[in-house]
Amino acid sequence: MKKERLQELNQLLLSSKPDKEAFDQLSMEDAYALFRLAAMHHKKVTENIAKLKEEQPKQEKSEQEEKEENLHITDFNEAKIKSQENVAKVLLGKANFFYTLSIERMKKLEAFYVAYSKYTNSPFAFCDPNTFDDMTWIFTSEEKLRQVMEKQKENNIELRGVKVENEKFLQFFTSLFYMGIDNVLFDYGTEGMMFKLTRICKKPNFAEMENKAAAVENSALQLTSMYFLQEARKAEEKRQKESLPQLEEEMSKNLVAGRFLVPFIKVDPEAGNDHKNIQIPYLKGRDDSMILPVFTDLMEFAKYNREKKFSAVILTFDKLSGFIGNGVGIVLNPLGCNLFLKKEQLPLLVKRFEK
């Protein structure tokens, strides 16, 4: 954002009379810049309050003369502190107002563009090295996304862009909860507008869902698998090999602790769930081998079950081996991260992480 525009916004922020007409014309970027300006001013005022409190004279109760001498100084400092505390309160209110306003402006965008990892077919997961916040990158224009995609190639990060239309915003943001993503960062590399996901939409309460299949979620597994696969699927010479063992450990631990959806179809829809009446849909490997599809949640299952002809059974990881039958293994989220595990790997993982 240009310096001249920031100065205009700063004047608007510090104005004693709210300019409703000016507020109504603010863009998402303007509203977020006002939030950051308010937060910056609030920080300075808070630091000043702390300094004033430190400078208050310390009185010795036994020294009456010293008390009287410092009385007017103490009163003056307390008045300044009170005044500054009122200013801080106003600035905090403005910061919250403009943060909320920037989210409202974002929700009115016609579309936005999401950075997807080419290695996971999912939104790119990024962990802030300073705050350790897990986030994904979203862009207000295709051009801003393209610039970041080109830049990230220098860091051996391969991205692709996915356009999300306004009517799909809520569905997209809800899907991030299933992936363990807590924050979204708009226009990384330019304005850098960070939002808590829970301030954009309500987090599903999985524990209270009546639909048992909808209650299945593996957010920790989704997140750790994205971090692992984003690194492991790079060309060997580009991988950060020192980080892979820990990433694999975290992913595998969450894998064994998970509950999953496995599709099935009834031969006779009117009959019961007897194993003779149930067929398991397998996926074909390159050598025509059979692979059992397994899903971390209902949203991943829905990608596969677009024609709504499958039902799903909920299984813990240690029970998956019994459903593989003549198959060679399982594939986790075939239309997402597409993680393949050989049949013989499953009991080894269970033993590795058994309590």
Filtering segment 170-203 for residues that are touching a strand residue (DSSP E or B) at 6+ places or on another chain (Cβ under 9 Å), in a helix (DSSP H, G or I) and not aromatic (Phe, Trp, Tyr) leaves a count of 5
Given (1) at pLDDT 95 or above; (2) loosely packed, with under 12 Cβ neighbours inside 10 Å, number of the condition Phe295 does not satisfy: (2)
Quick count over segment 143-169, residues being surrounded by 19 or more Cβ atoms within 10 Å (Cβ to Cβ) and not in a helix (DSSP H, G or I), is 2
Would you check if Thr316 is surrounded by 15 or more Cβ atoms within 10 Å (Cβ to Cβ) and polar (S, T, N, Q)? no
Collect the residues in segment 204-257 that are open to solvent by less than 30 Å² (accessible area, probe 1.4 Å), part of a loop (DSSP other than H, G, I, E, B) and closer than 19 Å to Thr120 by Cα, keeping them in residue-number order. Asn218, Lys234
Please determine, by comparing only the residues of segment 127-141 that are modelled with pLDDT of 95 or more and either open to solvent by 10 Å² or more (accessible area, probe 1.4 Å) or acidic (Asp, Glu) (or both), which one is farthest from Asp187 (Cα to Cα). Asp134
What residue, among those in segment 87-126 that are assigned to a loop (DSSP other than H, G, I, E, B) and hydroxyl-bearing (Ser, Thr, Tyr), is most open to solvent (accessible area, probe 1.4 Å)? Tyr119
Criterion first (closer than 30 Å to Asn155 by Cβ, touching a residue at least 24 places away in the same chain (Cβ under 8 Å) and aliphatic (A, V, I, L, M)) does Leu244 satisfy it? no
Checking the structure you have, find out if any residue of segment 69-85 is at pLDDT 85 or above and within 30 Å of Thr198 (Cβ to Cβ). yes
Filtered residues of segment 180-203 (kept if within 21 Å of Asp297 (Cβ to Cβ), among the aliphatic types (A, V, I, L, M) and either touching a residue at least 40 places away in the same chain (Cβ under 8 Å) or open to solvent by 30 Å² or more (accessible area, probe 1.4 Å) (or both)): Ile181, Val184, Ile200
Using beta carbons and a limit of 7 Å, which pairs, at least six apart or on different chains, have the first residue in segment 89-111 and under 14 Å from Tyr32 (Cα atoms) and the second one open to solvent by 80 Å² or more (accessible area, probe 1.4 Å)? Ile103/Arg199
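The values are calculated or read from the model by the stated rules, or taken from the named source; none is laboratory data. What you see is a predicted model, and the numbers here were worked out from it, not measured in a lab. Note that we place each Cβ from the backbone using ideal geometry, even for glycine, and neighbour counts take in every protein chain shown. Surface accessibility is based on the protein's heavy atoms, side chains included, excluding ligands, DNA and RNA. Shrake-Rupley method; radii C 1.70, N 1.55, O 1.52, S 1.80 Å.
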